[in-house]
Amino acid sequence: MNKAELLYSGKAKSVYHTDNPDFMILEFRDDTSAFDGKKKAALARKGAVNNQFNAFVMEKLAAAGIPTHFEKQLSANESLVRKLTMLPVECVVRNRAAGSLVRRLGVEEGQTLSPPVFEFFLKNDDLGDPMINDAHILTFGWATAEQIAGMKALTLAVNDVLLKLFADGGMILVDYKLEFGMFKGELVLGDEFSPDGCRLWDSKTLEKMDKDRFRQDLGNVIEAYEEVGRRIGIEFQ
Ligand code: ADP
Ligand code: UDP
């Protein structure tokens, strides 16, 4: 499928049309941002590492019966996906307390959360992605009750698959963010799953192996992403 004109350039990926209106190409760039775009850098190899990481995880999720937009990897840093009408919300699941949950509620970092906590955030950089609830989503028409229920069920189904995948590689899946969209009436997982959008800690040392290394200037960001990938069985090109 041919790469046609640029549709959108986000903070980390560029999106291209193809000659088929049902499909688009995601190009994973080396650009990295945090704190709603206020901290930025280009990290060598990040685009290729996240594209391959995402391809591997999306295939695992599809094998577990979760509908995803992922079709196939096209090159080291490009993938073909189904073009979704994205819902403007972010779905976060937390297995351990970290990040904004700790800041908001003053709970102890690392505390096990049982059952896992599910949160919605509005995808809006200008507003700093505020936390929202089902009532906001319904009232402002960001998604229907059916879509809300579907996003919750699929995000928690992803948790079952990925908690085990990372645990088998000696890591704790602390939390993660997913985005969903609609394709011909079906709710489908979109965007990406990579260490840019989740927290992963080494099970024994609790060392951070995700984007917090960038946020907190811990160094060796992409080396940590590659180590996570190797531990779950990815052979990077
Ligand atoms: P951001 O928009 O937050 O800066 P990215 O740089 O990752 O993020 O840009 C990718 C954009 O593409 C995001 O807005 C995301 O919601 C959107 N997107 C991801 N997957 C799909 C898809 N399958 N169909 C349509 N849009 C998608
Ligand atoms: N997250 C993300 N994109 C966002 C906001 C959060 O990928 O715009 C991820 C983040 O990497 C973490 C999880 O969602 O894995 C929960 O993030 P949190 O609410 O703790 O926010 P943060 O600490 O990043 O401010």
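The values are calculated or read from the model by the stated rules, or taken from the named source; none is laboratory data. Quick caveat, the model's predicted, so the values are computed rather than measured. Note that each Cβ is placed from the backbone with ideal geometry, even for glycine, and that neighbours are counted across all protein chains shown. Only protein heavy atoms, including side chains, enter the accessible area calculation; ligands, DNA and RNA are left aside. Shrake-Rupley method; radii C 1.70, N 1.55, O 1.52, S 1.80 Å.
Of all residues in the stretch 122-148, those satisfying the criterion of being under 27 Å from ASP36 (Cα atoms), away from ligand 1 (no atom under 15 Å from the Cβ) and more than 19 Å from the chain's Cα centre (by Cα) are ASN133, ASP134, ALA135, HIS136, ILE137, LEU138, THR139, PHE140, GLY141, THR144.
Taken together, the criteria place PHE140 among residues that are more than 22 Å from ARG29 (Cβ to Cβ), free of Cβ contacts under 8 Å to residues at least 24 places away in the same chain and away from ligand 2 (no atom under 16 Å from the Cβ). The condition of being at pLDDT 95 or above, more than 16 Å from ligand 1 (Cβ to nearest atom) and within 22 Å of ALA48 (Cβ to Cβ) does not hold for VAL174. Looking across the stretch 3-34, the residues that are within 16 Å of ligand 2 (Cβ to nearest atom), in a strand (DSSP E or B) and in contact (Cβ under 8 Å) with a residue 60 or more places away in the chain come down to LYS13, LEU26, PHE28, THR32, ALA34. Selection of the stretch 173-202 for residues being in contact with a Phe, Trp or Tyr (Cβ under 9 Å, 6 or more places away or on another chain) and farther than 20 Å from ASN77 by Cβ yields LEU173, VAL174, TYR176, LYS177, LEU178, LEU187, VAL188, LEU189, ARG199, LEU200. Could you say whether any residue in the stretch 83-101 is in a loop (DSSP other than H, G, I, E, B) and free of Cβ contacts under 8 Å to residues at least 24 places away in the same chain? Yes.
Across the stretch 38-57, the qualifying residues are those that are open to solvent by 20 Å² or more (accessible area, probe 1.4 Å) and touching a residue at least 40 places away in the same chain (Cβ under 8 Å), and the one among them that is nearest to the chain's Cα centre (by Cα) is PHE56. Among residues of the stretch 51-76 being among the β-branched types (Val, Ile, Thr) and not in a helix (DSSP H, G or I), the one that is nearest to ALA153 (Cα to Cα) is ILE66.
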